[in-house]
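The values are calculated or read from the model by the stated rules, or taken from the named source; none is laboratory data. Fair warning: this is a prediction, and the values are worked out from it, not measured in the lab. Heads up, the Cβs are rebuilt from the backbone with ideal geometry, glycines too, and the neighbour counts pull from every protein chain shown. Surface areas here come from the heavy atoms of the whole protein model, side chains and all, with no ligands, DNA or RNA. Shrake-Rupley method; radii C 1.70, N 1.55, O 1.52, S 1.80 Å.
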Amino acid sequence: MPALGALRRLIMAPSLDEVGFARRGFRVEPTELTRQLEAVPQAVVTGFEWGIEDRDTTTTERRLALVDPLNRGFAYEGATMACAIRDAMGPKGHRTADLLRGGGRPHIFLNYIGIGFAMAKLPRPLWKKLVPDLDEPDLYPAMSWLCVDGYGFDRAYFDTDTWVGGQRLDAPYTWDGDPSYWQRAFDQGVGRALWFIHGGHVGNVTAAVGAFAADRRADLWSGVGLAATFAGGSTAASLSALHTEAGDFADHLAQGAVFAAKARHHAGYVPEHSAAAVHAFTGRTVEAVARLADDCAAPAPQDGVGPAYEVWRRNVRRQLSAIVV
């Protein structure tokens, strides 16, 4: 088993060096804040290595518990990616379900993103095996669109010239019964990647979003807001400037921040940078927007307005519209 795990790791996962900003060709000035951002993909790789090699998820969870709470959710992304790959490549796998219903439960939002990372490594015919049947309310099944977000992030981060420079559109795939929403969820992940690709530099992130077609910018800004809030990498002054630069898309930036704050709050650890971003983008506290997110959750899709996930996002924007600063 250890030899098989090592082989899987070599085939599927980049090294810690390969996910670094310099190795990826990102023009990011090394600072304390950008090093904080760079630690995020490194935490993902670490979680993946454990998840791909460990004999059982209990061992993986014990290792993940040792990761600093700041980056533990990212390590769970990597571990979930590994479990999803192992399940998809074997018969009747249940590692992903075990992880999500076990120690990964507080990190469910990031677990979905980790499944998206697995999608980027696997052929589409295997995707139908990746998401367990999760109907428990506290596992937020409507949030499975974050898998597509994770897939978009992976594409943009690891093939930046194609998906960011070339602004390539991805081929639609029927996810949650709605192929028409695929590109939008994909772009939300691309927006998150832009925050990392540009090291949280407000001017460069803004220019990168503005280079895309106008009808893609709302979802890109939502991804930027989620990344800036959850991962950090910015100062209070820069967060204020980012809100200003978002302009007409400030409500989308704020919605991304709300989902990030909900994820941090759900995991039981809210760093100072998340609270600062939520205040800069919404004028509210993390606790307030976490409650708002729950209040806005849509129980089921509504005809003509997209999947429940998009109804949820739209409800958040509407609730925030009167108080976005």
key: Rg(Cα) / (2.2 N^0.38 Å) computed for region 100-147, rounded to two decimals   = 1.11
query = Rounded to the nearest 500 deg cm²/dmol, what is the calculated helix-only ellipticity per residue at 222 nm for the chain, with -39500 (n - 2.57) per DSSP H run of length n ≥ 4?
reply = -19500 deg cm²/dmol
message = Viscosity 1.002 mPa s, temperature 20 °C: what is the translational diffusion coefficient of region 181-278 from Stokes-Einstein with a Kirkwood Rh over Cα pairs, rounded to a whole number of µm²/s?
response = 166 µm²/s
task = Can you send over the carbon and sulfur percentage of the accessible area for the chain, probe radius 1.4 Å, protein chains only?
result = 53 percent
key: Rough spin-label spacing in nm, given labels placed 7 Å along Cα→Cβ, for R55 and A207   = 5.4 nm
ask   = If you build the Cα gyration tensor of region 100-196 and take the root of 5 times each eigenvalue, what three semi-axes come out, in whole angstrom, biggest first?
value = 23, 15, 12
key: Net length gained if the chain between D133 and A288 were fully extended (0.36 nm per residue, minus Cα distance)   = 52.8 nm
ask   = What is the spin-label model distance, in nm, from D295 to H94 if the labels are put 7 Å beyond Cα along the C-beta direction?
value = 4.0 nm
ask   = A241 to A214: FRET efficiency via 1/(1 + (r/R0)^6), r the Cβ-Cβ distance, R0 25 Å, to the nearest 0.05?
value = 0.70
remark   = Restricting to lysines and to Cα separations under 16 Å from K121, and discarding same-chain partners fewer than 8 apart, the set is K129
ask   = Using the beta-carbon distance between Y173 and L66 and R0 = 30 Å, what value does 1/(1 + (r/R0)^6) give for FRET efficiency, to the nearest 0.05?
value = 0.25
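Just to confirm, what accessible area per residue do you get for the chain at 1.4 Å probe, in whole Å²?
Values: 13390 Å² over 325 residues.
Counting only protein heavy atoms, the per-residue value for the chain is 41 Å².
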